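As structure tokens, the structure follows; a few thoughts come after it.
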Amino acid sequence: MLASIAEGPSRIKRYSQGADCQSTLKCMESMGIKIERDGDDTIIHGQGLDGLKAPAGDLDAGNSGSTIRMLTGILAAQNFTSKIAGDESLAKRPMDRIINPLTEMGASIHATNGRFTPLTIEGRKLHAIDYTTPMASAQVKSCVLLAGLFAEGKTIVREAIRTRDHTEVVLRELGAEIDSVKNVITLEGRPRLVGKELEVPGDISSAAFFLVAALLRPGSAISIYGVGLNPTRSALLDFLVQMGAPIKVLDVGQRGGELVGDIQVKYAPVKGGVLEGATTAALIDEIPVLSILGAISEEGLLVKDAKELRVKETDRIATVAENFKRMGVKVEVHEAGFFVPGKQKFEAATLDSFGDHRIAMAFSVAALAANGDCKIEDAGAASVSFPGFYEILGRLAS
């Protein structure tokens with residue numbers, strides 16, 4: 001998205017082949033952005049802040065909440081009207097969390113029942129605002145910042161809990177004037193963004209499945225190379241170490257403004273832990289697979305302050321609990337979290353991804369520790385973020 005509204009080409013190395021990222025590319029192509037694929041590189045021919053064109057039809061975000069929530073911030077400032085929606089799962093996810101701040105900036109957005117897709121966005125001139133996010137959400141923060149690019153003056157976003165800052169990193173790399181001090185982000189509007197070469201680090205949320213898999217199976221040891229170690233994401237490693245996981249981080253360096261390094265882990269019994277407050281917010285995407293580790297730990301895993309799980313691709317508290325039930329694993333469900341007692345065993349079962357990529361991958365990892373073969377229905381949901389997941393998992397488990 002940012003490369004599209006920068007001036008000139010950007011070459012993005014290691015751009016994901018996941019369905020969510022492909023949905024973003026198709027949306028940008030629909031608005032006149034030329035995109036080329038060159039092996040593992042993706043070349044985006046940016047047209048500047050005012051270079052997007054009205055799409056011929058509706059924009060399709062697929063299953064991607066990141067695509068629709070962030071792109072809406074850009075669409076709100078265009079000189080044309082657009083309509084964007086996605087699949088059945090996305091239609092259930094709340095959009096008022098971005099509609100409200102964008103409306104404060106002068107946007108005109110029409111939604112089903114005021115909060116669901118499809119969104120019809122009448123592009124308008126926006127003005128800068130000082131906004132405090134009501135929930136810990138990098139998508140909401142990023143949406144406001146992307147809209148703020150088109151507004152005169154300083155757009156300010158205040159967070160009670162710090163969220164992942166990849167948007168801020170790339171904005172800075174492309175030339176935006178952006179500062180972040182004590183969870184307050186300030187962006188100067190109407191910058192001149194300039195395309196450049198960028199490299200996408202390995203996704204630590206995707207690495208989490210293999211880290212947990214190694215901790216489930218005695219004798220396991222794996223190394224994962226080139227993983228992003230952004231401080232707003234590396235809480236995963238801190239938490240695993242607290243649980244007793246023997247993790248090493250090697251060859252740390254910086255690429256395109258992001259910390260990158262290699263991670264090594266080997267099997268060891270873990271003691272369990274508690275996720276709450278800022279740690280829950282930092283690990284919200286990793287909670288499904290961490291719950292698997294919690295079930296075989298000594299003390300179990302208690303998850304608190306995780307109401308946001310209820311409005312992901314699925315209600316992840318409910319879908320985790322349902323699959324645990326099928327595998328004979330006890331779990332206590334709360335409104336904003338759950339407790340998985342430790343020292344449990346996984347029974348072979350037919351599991352369901354419920355169309356959620358992280359549920360599909362988390363319970364594929366759980367199946368490695370089951371007492372027999374497991375079947376996962378709609379396993380293809382993993383392709384949303386990680387098309388090669390099963391190939392890699394099978395290679396590691398063989």
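The values are calculated or read from the model by the stated rules, or taken from the named source; none is laboratory data. These figures come from a predicted structure and were not determined experimentally. With ideal geometry, Cβ positions are generated from the backbone for all residues, glycine too; neighbour counts draw on all protein chains shown.
Need the failing condition index for TYR131 against (1) assigned to a strand (DSSP E or B); (2) closer than 20 Å to LEU59 by Cβ, just the number. That leaves (2) as the condition not met.
Okay, residues lined up against (1) touching a residue at least 24 places away in the same chain (Cβ under 8 Å); (2) in the same structural domain as ASP60 (by TED's automatic domain parsing); (3) small (Gly, Ala, Ser); (4) closer than 17 Å to ILE185 by Cβ:
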position: ASN113; (1), (2), (3), (4): no, yes, no, no
position: GLY123; (1), (2), (3), (4): yes, yes, yes, no
position: ALA147; (1), (2), (3), (4): yes, yes, yes, yes
position: ARG158; (1), (2), (3), (4): yes, yes, no, yes
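Restricting the stretch 244-267 to residues that are outside any strand (DSSP E or B) and at pLDDT 95 or above leaves a set whose member that is surrounded by the most Cβ atoms within 10 Å (Cβ to Cβ) is ALA245.
Looking at the stretch 40-77 only, could you name the residues that are small (Gly, Ala, Ser) and farther than 17 Å from LEU193 by Cα? Even if it seems obvious, please write down each step before you answer.
Restricting attention to the stretch 40-77, the residues satisfying the condition of being small (Gly, Ala, Ser) are 46, 48, 51, 54, 56-57, 61-62, 64-66, 73, 76-77.
Answer for the stretch 40-77, where residues must be small (Gly, Ala, Ser) and farther than 17 Å from LEU193 by Cα: ALA54, ALA56, GLY57, ALA61, GLY62, SER64, GLY65, SER66, ALA76.
Among residues of the stretch 178-193 that are assigned by TED's automatic domain parsing to the domain that holds GLU159, those with a beta-carbon under 9 Å from a residue that is in a strand (DSSP E or B) and modelled with pLDDT under 95 at least six positions away or on a different chain give the pairs GLY189/GLU152; ARG190/GLU152. Answer yes if at least one residue in the stretch 346-365 is polar (S, T, N, Q), more than 27 Å from ASN63 (Cβ to Cβ) and out of contact with any Asp or Glu (no Cβ under 9 Å at 6 or more places or on another chain), and no otherwise. No. Right, ALA214: in contact (Cβ under 8 Å) with a residue 40 or more places away in the chain, part of a helix (DSSP H, G or I) and in the same structural domain as SER385 (by TED's automatic domain parsing) or not? So ALA214 passes the test. Which condition number does GLY57 fail, the rest of (1) over 16 Å from GLY123 (Cα atoms); (2) free of Cβ contacts under 8 Å to residues at least 60 places away in the same chain; (3) over 21 Å from the mean Cα position of the chain (by Cα) being met? Every condition holds for GLY57 apart from (1). Answer yes or no as to whether ALA321 is farther than 21 Å from ARG233 by Cβ, touching a residue at least 24 places away in the same chain (Cβ under 8 Å) and not assigned by TED's automatic domain parsing to the domain that holds ALA61. No. Of all the residues in the stretch 223-243, those that are more than 23 Å from the chain's Cα centre (by Cα) and crowded, with 16+ Cβ neighbours inside 10 Å number 1.
Among the residues examined, VAL289 does not qualify as on the phi < 0 side of the Ramachandran plot, free of Cβ contacts under 8 Å to residues at least 60 places away in the same chain and assigned by TED's automatic domain parsing to the domain that holds GLY300.
Can you tell which of GLY337, GLY372 is at pLDDT 95 or above and either farther than 19 Å from VAL212 by Cβ or not assigned by TED's automatic domain parsing to the domain that holds ILE392 (or both)?
Working: GLY337 fails: either farther than 19 Å from VAL212 by Cβ or not assigned by TED's automatic domain parsing to the domain that holds ILE392 (or both).
Being at pLDDT 95 or above and either farther than 19 Å from VAL212 by Cβ or not assigned by TED's automatic domain parsing to the domain that holds ILE392 (or both) holds for just one of GLY337, GLY372, which is GLY372.
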